[in-house]
Structures are given as C-alpha cells and as structure tokens.
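Accompanying notes for the structure given below.
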Amino acid sequence: MAQNVYDRPDFFAGYAQLPRSLHGLAGAPEWPTLRSMLPEIEGRRVVDLGCGFGWFCRWARQHGASHVLGLDLSDKMLERARMLTDDDAVVYATADLETLSLPDRGFELVYSSLAFHYVEDAARLYATVHRALIPGGRLVFSTEHPIYMAPSAPGWRIAEDGRKTWPIDGYFREGRRETDWLAPGVVKYHRTLSTTLRLLLGAGFRINRVEEFCPNAEQIAANPNLAEEIERPVFLLVAADR
C-alpha cells in the first residue's frame, strides 16, 4: 500500500493552504499547459487518479464529460471533494494507485496531477491505465520532474557569483526518496525522464507530447515567486495515447 501522507493532520493542514488547494486549477501554474494537452472532453468518460479536492473532476463535468470518477487514497481529500461537489455524474472512491484496478476500455481520458511520483511500481500503473482506455484514448498527467526530485541537499545553494543553483546528485540512482515537504518523512519514487518514457512505451502508449513546465513572463509578473522556477524544471507533463 502506498504511503497515505495526506491523511496526516500536519500534512493535510499544510496542503489545504497551498494556492492550488485554495484556488483550484487557477492556483496551479502548470494548469494552462496541462489543459492544452487534453483531448476533447464533451461526452467523454474520465477518471482522475489522485483527485484530491476534486477540482479537475468538476472542471471536466463543466466542460461536458458524461461521467467522471475521482480516485484518491486519502479519506480527508475525498471528504473535501464530496463536500465541494453537487453532481451525480461525478463519483469519488478510495483507491491505492499501487494496486489500482479499472474496467477495461472504460474511459476515454485518464488524468492525474502530481500523484504518480508517489507510486513505486510505475510499470504496473501504466499497464493498468492502458487497459482502461479505449483505443485512441489519452493519458494526461503531471509529476514532479526527476531533476527536481534528485537534489544533493534540499533547497537552493548560492554560487560564488551570487546565482542561485539547484544541486543535483544521484540522478541515475532511481527509487525511493524521503523528503520533508509540508511534513517530515514524505516518501516519493524517483525515476529518470528516460525511464518514465520507456515504461509508457513498454505499456503500449504512443507519446503525444512532453513538456517541462516553465512559467511565462505573465505568470512571473503576477507571482514573482515563480521566477526561480526558470532555473530548473519542477514539473514534468506528459500526454500519451493508446
């Protein structure tokens, strides 16, 4: 079973105050890029893996999805999602992505935002998702970028010339990483970019698009804290077709 850190009171309290928790998709700077990678939503069956507060589930329904299934391991997340949702065509359920089971050819779109880096067995997950999509269906997901996940020490360093640098060490040492983010002892699984793409291809996917998120000038002007994100990628965004 995957670590259920989101139900820890200290973690959940911190997560609930993040801009993406308070403002939904509008609070996620990578959302415009992710949205551009989505297929037509109208009339489609959609599943959101790691749905959190259900922001994408509700957006998909508002844009014409016929049915949306939101899955998450966290009871606290699902409780908040149900509280915010008033739509019988949006269903939430508990699921562990490590042991995920989905109906064969049950969906036209599988979506996931910042959940896959908590999964140890990515090959199994991608194979399960591939079977769950109809031919021509699409997987769109974001995950922490492997460069961001492989620092030699947490946080930035200041170079001799005054520039901020993000130290990288052990990029090719894949596997379990433990970090302090919102709470101590958060477990994630580091995979190189090439491993992620190779596993997707091995599951039978065709890579449609890959983006390494970088904020644009307008986003930085609105939120100057995003300026440091141009120094190294934080998010990896992928669209892959069955």
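Give Ala115, Ala93, Ala122 a once-over and let me know the one that is among the small types (Gly, Ala, Ser), open to solvent by less than 70 Å² (accessible area, probe 1.4 Å) and more than 22 Å from Ile207 (Cβ to Cβ).
Ala93
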Matching residues, the stretch 197-242, being touching a strand residue (DSSP E or B) at 6+ places or on another chain (Cβ under 8 Å), among the basic types (Lys, Arg) and without any contact (Cβ under 8 Å) to a residue 60 or more places away in the chain: Arg206
Ala217, sole failed condition from (1) closer than 14 Å to Ile147 by Cα; (2) open to solvent by 60 Å² or more (accessible area, probe 1.4 Å); (3) of a type in the set (Gly, Ala, Ser): (1)
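Would you say Cys57 is more than 19 Å from Glu211 (Cβ to Cβ), touching a Gly at 6+ places or on another chain (Cβ under 8 Å) and not in a loop (DSSP other than H, G, I, E, B)?
Considered against the rule, which asks whether it is more than 19 Å from Glu211 (Cβ to Cβ), touching a Gly at 6+ places or on another chain (Cβ under 8 Å) and not in a loop (DSSP other than H, G, I, E, B), Cys57 comes out as yes.
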Selection from the stretch 215-239 of residues that are among the hydrophobic types (A, V, I, L, M, F, W, C), under 21 Å from the mean Cα position of the chain (by Cα) and part of a helix (DSSP H, G or I): Leu226, Ile230
Scope the stretch 185-203; condition among the hydroxyl-bearing types (Ser, Thr, Tyr), in a helix (DSSP H, G or I) and either open to solvent by less than 20 Å² (accessible area, probe 1.4 Å) or modelled with pLDDT under 95 (or both); matching residues: Thr195, Thr196
Matching residues, the stretch 6-37, being open to solvent by 20 Å² or more (accessible area, probe 1.4 Å), modelled with pLDDT of 85 or more and out of contact with any helix residue (DSSP H, G or I) (no Cβ under 6 Å at 6 or more places or on another chain): Ala26, Pro32, Thr33, Arg35, Ser36
Of residues in the stretch 40-61 being closer than 19 Å to Pro103 by Cβ and more than 14 Å from the chain's Cα centre (by Cα), the one surrounded by the most Cβ atoms within 10 Å (Cβ to Cβ): Ala60
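With the structure loaded, tell me whether Trp166 is within 19 Å of Leu114 (Cα to Cα) and at pLDDT below 75 or whether it fails that test.
Numbers: within 19 Å of Leu114 (Cα to Cα): no; at pLDDT below 75: yes.
In short, no.
The values are calculated or read from the model by the stated rules, or taken from the named source; none is laboratory data. Here the structure is a predicted model, which is why all the values come from computation and not from measurement. Positions of Cβ are backbone-derived with ideal geometry, glycine not excepted, and every protein chain shown enters the neighbour counts. In case anyone asks, the SASA skips ligands and DNA or RNA and just uses the protein heavy atoms, side chains included. Shrake-Rupley method; radii C 1.70, N 1.55, O 1.52, S 1.80 Å.
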